[in-house]
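Comments concern the structure below.
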Amino acid sequence: MSSENIEICPVCQVKIKDDREVIFSTGQPGDRTKLWARVCQYVAGNKDGCINQDSDKIDKIKSTDGYKPVNF
Ligand SMILES: [Zn+2]
């Protein structure tokens with residue numbers, strides 16, 4: 001299959017395959033929502049150029065999307 005389209009976010013260094021599937025450097029592949037939950041939301045305010053900023057492609061973040069539990 002040569003039609004595979006892989007983008008690499010210059011900020012997060014994460015690969016997005018076919019505009020959907022996110023390949024993390026470690027762990028299971030996820031989707032754009034998981035990427036946002038785990039990575040992009042933290043860098044978005046600090047750096048420009050993250051390719052995962054399209055709110056149309058990011059669903060509501062569920063507690064399972066971010067691996068790190070947040071304790072208040
Ligand atoms: Zn990013």
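The values are calculated or read from the model by the stated rules, or taken from the named source; none is laboratory data. These figures come from a predicted structure and were not determined experimentally. Counting neighbours? That spans all protein chains shown, and the Cβs are built from the backbone with ideal geometry, glycine included.
Table for the structure above
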item: Enumerated strands (runs of 3 or more DSSP E) restricted to the chain, each holding at least 3 residues that are surrounded by fewer than 18 Cβ atoms within 10 Å (Cβ to Cβ) and modelled with pLDDT of 90 or more; result: 6-8
item: Count of residues meeting criterion [within 19 Å of Lys60 (Cβ to Cβ) and small (Gly, Ala, Ser)] in the stretch 11-45; result: 3
